[in-house]
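Data first, discussion second: the structure below is written as structure tokens.
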Amino acid sequence: MFRRWLKLEDYCPNCGLDYEFATPDDGPAFFSLCFIAFPLLFLIVWFEVAVRPPLWIHLIVSGPLMITPCVLALQPIKGCLVASQYVNRAQEAGTDALWADLNARAKATREADRD
Ligand SMILES: [Zn+2]
């Protein structure tokens, strides 16, 4: 489903589904911050209060402990959000005509590029 790390393929390699509908925007970052970074912050605050480590320990331990899981979770979260968009046919209310117009324009551009 992914061409590169967070870049979606244009079409599903298995069934040919057009991923044009997939616009999770900054959703993966939001959910990564809410469900991973926020709980980890409590762990790091506990570490600071309980152990009182010097600042360089935080740079070595706390920084990677916060950043690594958040970054690694972005791709699976994006996959879940795209799947959720597809299953729920998610689209902003009242923008049907706008989306139809944009999709038609994008499709025309893609076909022009192909020729
Ligand atoms: Zn598919």
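Computed from the Cα positions only, the extents of the range 46-94 along the three principal axes stand at 53, 19, 15 Å, in decreasing order.
Across the range 11-17, rounded Karplus estimates of 3J(HN,Hα) from the backbone phi angles (6.51 cos²θ - 1.76 cosθ + 1.60, θ = phi - 60°) give 9, 5, x, 8, 10, x, 4 Hz, Gly and Pro being marked x. Axis angle, to the nearest 10 degrees, between helix 74-88 and the longest C-alpha principal axis of the chain: 40 degrees. For the Cα atoms of the chain, what angle does the longest principal axis make with the long axis of helix 63-72, in degrees from 0 to 90, nearest 10? That helix lies at roughly 20 degrees to the long axis. Descending by average beta-carbon neighbour count within 10 Å, the peptides 15-27, 48-60, 66-78 line up as 66-78, 15-27, 48-60, the highest first. For the range 1-19 versus the range 53-102, the spacing of their alpha-carbon centroids is 17 Å. A P(r) calculated from all alpha carbon pairs of the chain, with 5 Å bins opening at zero, reads 2, 10, 15, 16, 14, 11, 9, 7, 6, 5, 4, 2, 0 percent. Report, to the nearest 10°, how far helix 96-114 tilts away from the longest principal axis of the Cα atoms in the chain, using its own Cα long axis and a range of 0 to 90°. It works out to around 80 degrees. Amide hydrogen proximity for Gln91: with H placed 1.01 Å from N in the peptide plane, no residue at 5 or more positions away or on another chain lies under 5 Å.
Values in this text are rule-based calculations from the coordinates and carry no lab data. Keep in mind that what you see is a predicted model, and the values were worked out from it rather than measured. Note that each Cβ is placed from the backbone with ideal geometry, even for glycine, and that neighbours are counted across all protein chains shown.
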